[in-house]
């Protein structure tokens, strides 16, 4: 019997790419939604389409049983049409959400941009009539790749909140849970909170990257105001600047939880930041 096809959005990103790799390695027919040329494993079908244009999704969704949905925008405009398009073809959607949504009471209107759009998407998915799972990871270890240019040029990361400790999660662990949700019924109708195995300060993260690359690396703390101006000057959207830094500062007094959900779901303990840094050392050299 032919195995059903799974469509992966965000297939050229860190998490989506890892989902594609795991599904392909398991022999699951996998299709990647792409907007242009993409470097994908041999045998993975690439179909053009754009989540910003729901009308373009028909060919990618045709014959698909389940969808891994990564929302690439800072707002939920157009999301209802995308979820509706998915519902006309697939029976299941696994949405990559955020741990921050867990702090939003049902019916509240969250004020922080990232939490707001993830909350909106979760509610659309849950109301769609599709089988669904909403994955709620803590911060991605991969976000520290934003330090790569600085480290290559100077060996120094200038950023705020040296003592901020977070249980950053390896994209491979998110992907492993996503594959369980896409290919089994174990996570239907759930919102698992996914974390790394321990909290690691930003200062220590930089040190571990230095150990992995074999190059000196240190963290130089700057103030929040300087960081805000730097992000704005670099062209980050104001709503992202207003969301990220205050949320991170709040974690000093209210740190994110640490749990063993990755191991419970996949049977394998979550990877720590040291392992993530070793896996990505080449990205920092």
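The values are calculated or read from the model by the stated rules, or taken from the named source; none is laboratory data. No experiment lies behind these values; they were computed from the predicted model shown. When we count neighbours, we look across all protein chains shown, and the Cβ atoms used for this are built from the backbone with ideal geometry, even at glycine.
Annotations
- Hits in region 235-261 - residues which are over 18 Å from residue 202 (Cβ atoms) and loosely packed, with under 11 Cβ neighbours inside 10 Å: 235
- Residue within region 24-35 that is surrounded by 21 or more Cβ atoms within 10 Å (Cβ to Cβ), assigned to a helix (DSSP H, G or I) and more than 19 Å from the chain's Cα centre (by Cα) present: no
- For the condition more than 21 Å from residue 180 (Cα to Cα), touching a helix residue (DSSP H, G or I) at 6+ places or on another chain (Cβ under 9 Å), modelled with pLDDT under 95 and surrounded by fewer than 20 Cβ atoms within 10 Å (Cβ to Cβ), residue 104 qualifies.
- Matching option when the condition is touching a residue at least 12 places away in the same chain (Cβ under 8 Å), surrounded by fewer than 20 Cβ atoms within 10 Å (Cβ to Cβ), closer than 30 Å to residue 243 by Cβ and not assigned by TED's automatic domain parsing to the domain that holds residue 240, among 62, 84: 84
- The residues of region 179-206 that are over 30 Å from residue 129 (Cβ atoms) and not in a loop (DSSP other than H, G, I, E, B), listed by number, are 200, 201, 202, 203, 204, 205, 206.
- Residue 264 being under 25 Å from residue 173 (Cα atoms) and either over 23 Å from the mean Cα position of the chain (by Cα) or modelled with pLDDT of 90 or more (or both): yes
- Qualifying residue in region 190-204 (condition: more than 23 Å from the chain's Cα centre (by Cα) and more than 30 Å from residue 126 (Cβ to Cβ)): no
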